[in-house]
Amino acid sequence: MAWLNNYLFLPVIILFITGSALALMRPQPRSMIILAVQYMAVSWLASTSLPAAGVAAKLVTGLLVCVILYLGLRQIGDGPLQGDDQMLSANLPFRIIALLIVTVASVSVARSNLFAQFDVRMEAGVGALFLVASSLLNLGLGTDQLRIGIGLLTLVSGAELIYGFIEPSLALIALLAMVHLGIVLVFSYIISIQIRYSMSENRDP
Amino acid sequence: MSAGLTIFLFTIIYSLLCLFLRHQRMASAFTAAIGAGSIAAFVFLVPFDEAFHFGEFSIKFASEWIILGRMFSLSENVRPLIGFLYLAGAFLLPAAWLVNVNRFFPSVALLILAIVAASLMVDPFVFAAVFIELAAMGAVFVLVTQQHPRSTGATRMLILYTFAMLSILFTGSLLEVAGITSATPVLAMRVTFMLGFGFAILMTVPPFHLWLPKSAEESDPYILIFILVILQSAGFFFLLRFLDSYVWLREQTLIYDGIRIAGIITTILAVLLSASQRDIKKLMAYALLVDLGVMLIAIGSGTEDAFRLALSLIAVRVIALGVLALGLSYLSNAERLVNQMRGVGYKMPFAAAAFLVGLLTVAGTPLTAGFPGRWSLLTGVLHADKFAAGTVIFSMIGLGVLVIRWAAILFGRGDGEDFIAMSKEPRAFLLGGIILLLLLGLFPQFIFPWVEDVASGLANLFL
């Protein structure tokens, strides 16, 4: 698998595409495919710091997260999520400009040797910082629970990439996997409660 | 058998039992309370790493438990802290069946206690941040329910706790990898800042308190108090363990100054905000922040006596906030806004009295359980810091005036003051809570020796 390390620019590009798509698009069940691709790219980058078992665990957790969210959202249907566009506190051109700014900022911060003491690879640093920045954009601009959930998952993924270089232990990978699963369960639960509530509100005359 | 594993196993067994009994609210709540109480007794009383004789049986509990290469240790410095948390759970859980909570609450509450206990046991202890995050996730499941479906406050809490987890994890790693001492001031400053950020979130220090009034508005007050008491205590114990473990951190006066200033700002801000509240549930949230501010002022003094006092304040707040929230839970079922609350005290005198006595205790009024702690703080710890002492007195007077204002509203003449019949069980709980708060005000020696026990493990802080 060492040959994968020769093409580390590829997962970084994938992360830029998926992160941008998740920040710009309206969250919907199909967004989970983008999130799954993002998890694959994160696992690829994580292979530079973690043992194979750790990478596999990270990948399986990521895919599991996407499946749980997808199944939850499919049950709800697309309708209730449509309102996010109106609720989002910024329109598309603003979001594109904000995304460009955070992209430039994350690349320049990654090049500034911020993580020099931890021997973080440049590609992993750029990818991680972009994930953190795009997640902050999602958390800051979105009001929809699904968007916030995706933002939190992206934030933890980004921070985890850097943290893998500092503490590549299996225990921490397991704990952070629990955090991913916990976040997805919490947001699936919140969304289902709110859908039930809005349905009962609509039923009331 | 390992003691840590025993605690987790019994917590899960009791939690499953509560799940099984969820349709019988009283049985479920009492099972959870008995479970938490028995685990607290196990933690406090059973000797570890030596044979324990129980009648004819003899069993040896190991204090260490290794899983995935990481150790969960019930060492002497965390035992009293874990015991305290389970004891707090045992005190708060029995009344859960009286309020309008989700029937899964006792079951989830026990699991939250176990996760917080794990945060205290895990070694290296910086991993505790992840466990506190997991406990916050568990809290969302009880804060957002079908009865209370709005989730803005809970979501804000989860986002903030995620930031805190990441900040503390990175700080812990910096401490381990970079080897920070007082001889590396730049790095020490960076670490101090990141630590401060993480702990400010865990302790709900403004501006990271924003989730609290929103949650108070959206959730049942009793659930919120349970969550807040447990999570804030976990954050506070985590902070004490950081201070206990790192000499350079303990020796930095900047940290204590920062904590004291944060405490002063929190107290003043919370008193002013609570005075301007029209919603009684938000008033509780800000009163809680006042209490937190006073506790931070105590910790910020940086002396052994101050730490001891802060622990005693934590013990008193479990009881005070429990009684306050129980009363408020009943009151807020009727109305919430100030113009609608007029005369509600006549309809529910026990609930109104519990709310007011709880608030008086949080204010530290004489003859209530809150007074001895405030008095010791003013006379024993803050005699050199006039501004901090003035802030504590301001909080006592400010909240005291608020109690008078709300008493006038609750017992003012409203439209129709028909007495709302209350069954004898809630009456007994409310009355018992009020009497307990008054008794502890008269005889503080009942609670303060426990604090000595809780403090005894942190050998570097409490010499």
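The values are calculated or read from the model by the stated rules, or taken from the named source; none is laboratory data. A quick note: this is a predicted structure, and the numbers were derived from the prediction, not measured. Note that we place each Cβ from the backbone using ideal geometry, even for glycine, and neighbour counts take in every protein chain shown. Note: accessible area is taken over every heavy atom of the protein model, side chains too, but ligands, DNA and RNA are not part of it. Shrake-Rupley method; radii C 1.70, N 1.55, O 1.52, S 1.80 Å.
With the gyration tensor restricted to C-alpha atoms of chain B, the semi-axes of the equivalent ellipsoid amount to 34, 28, 20 Å, longest first. Put the Cα centre of the stretch B:135-151 next to the Cα centre of the stretch B:1-78 and the gap is 26 Å. Once the Cβ-Cβ distance of B:LEU431 and B:MET26 is raised to the sixth power relative to R0 = 25 Å, the FRET efficiency obtained is 0.90. Using a 1.4 Å probe over protein heavy atoms, the accessible area lost on pairing A with B, summed over both chains, comes to approximately 2900 Å².
Between B:HIS383 and B:GLU76, what FRET efficiency follows from the Cβ-Cβ distance if R0 is 30 Å, with the result rounded to 0.05?
Working: r = 33 Å, r/R0 = 1.09.
After rounding, the FRET efficiency stands at 0.40.
Take the Cα of B:ILE67, step 7 Å along the line toward its Cβ, and report every residue of the stretch B:1-29 whose backbone nitrogen sits under 18 Å from that point. Counting backbone N atoms under 18 Å from the label point, the list is B:1-17. With the simple model of a label 7 Å out from the Cα in the direction of the Cβ, B:SER423 to B:ILE393 spans 4.9 nm.
At 20 °C and 1.002 mPa s, what whole-number value in µm²/s does Stokes-Einstein give for the translational diffusion of the stretch B:1-119, with Rh from the Kirkwood sum over Cα pairs? Display every interim value, and only then the final one.
Numbers: Rh = 14.7 Å.
Here the translational diffusion coefficient equals 146 µm²/s.
Computed log10 I(q)/I(0) for chain A at 0.19 Å⁻¹: -1.35, from the Debye equation with unit scatterers placed on every C-alpha and solvent omitted. Modelled label positions at A:SER112 and B:ASP123, each set 7 Å beyond Cα in the direction of Cβ, lie 4.0 nm from each other.
Give the relative contact order (percent, whole number) for chain A; include only Cα pairs under 8 Å separated by 6+ residues. Please report the intermediate quantities before stating the final value.
On the way: 233 pairs, mean separation 55.1, N = 205.
Worked out over chain A, it gives 27 percent.
In this calculation the C-beta distance from B:LEU187 to B:PHE57 is compared with R0 = 51 Å, giving a FRET efficiency of 0.45. Residues B:ASP279, A:ASP119, sorted by accessible area with the largest first, give A:ASP119, B:ASP279 [1.4 Å probe; ligands and nucleic acids excluded]. Evaluated at q = 0.17 Å⁻¹, a Debye calculation over the C-alpha positions of the stretch B:268-456 (equal weights, vacuum) places log10 I(q)/I(0) at -1.03. Computed extension gain for B:VAL177 through B:VAL46, at 0.36 nm per residue and net of the alpha carbon distance, reaches 43.5 nm.
Solvent-accessible area of B:ARG427, all protein chains in place: 90 Å² (probe radius 1.4 Å, heavy atoms, ligands and nucleic acids excluded).
Around A:SER134, under 12 Å between beta carbons, what's the net of Lys plus Arg minus Asp minus Glu among the other residues?
Details: positive: A:ARG95, A:ARG147; negative: none.
Summing Lys and Arg as +1 and Asp and Glu as -1 gives +2.
With Cα atoms defining each centre, the stretch A:1-73 and the stretch A:105-181 are spaced 12 Å apart in the structure.
State in Å² the accessible area per residue of chain A; use a 1.4 Å probe, count heavy atoms of protein chains only, and round to the nearest integer.
Details: 9090 Å² over 205 residues.
About 44 Å² of surface per residue is accessible.
With distances taken between every two different alpha-carbon atoms, the stretch B:196-244 has a Kirkwood hydrodynamic radius of 11.4 Å.
Taking N as the number of residues in the protein assembly as shown, what is its alpha-carbon radius of gyration divided by 2.2 N^0.38 Å?
Its radius of gyration relative to the 2.2 N^0.38 Å reference: 0.96.
Convex hull volume of the C-alpha atoms in the stretch B:175-284, normalised per residue: 100 Å³.
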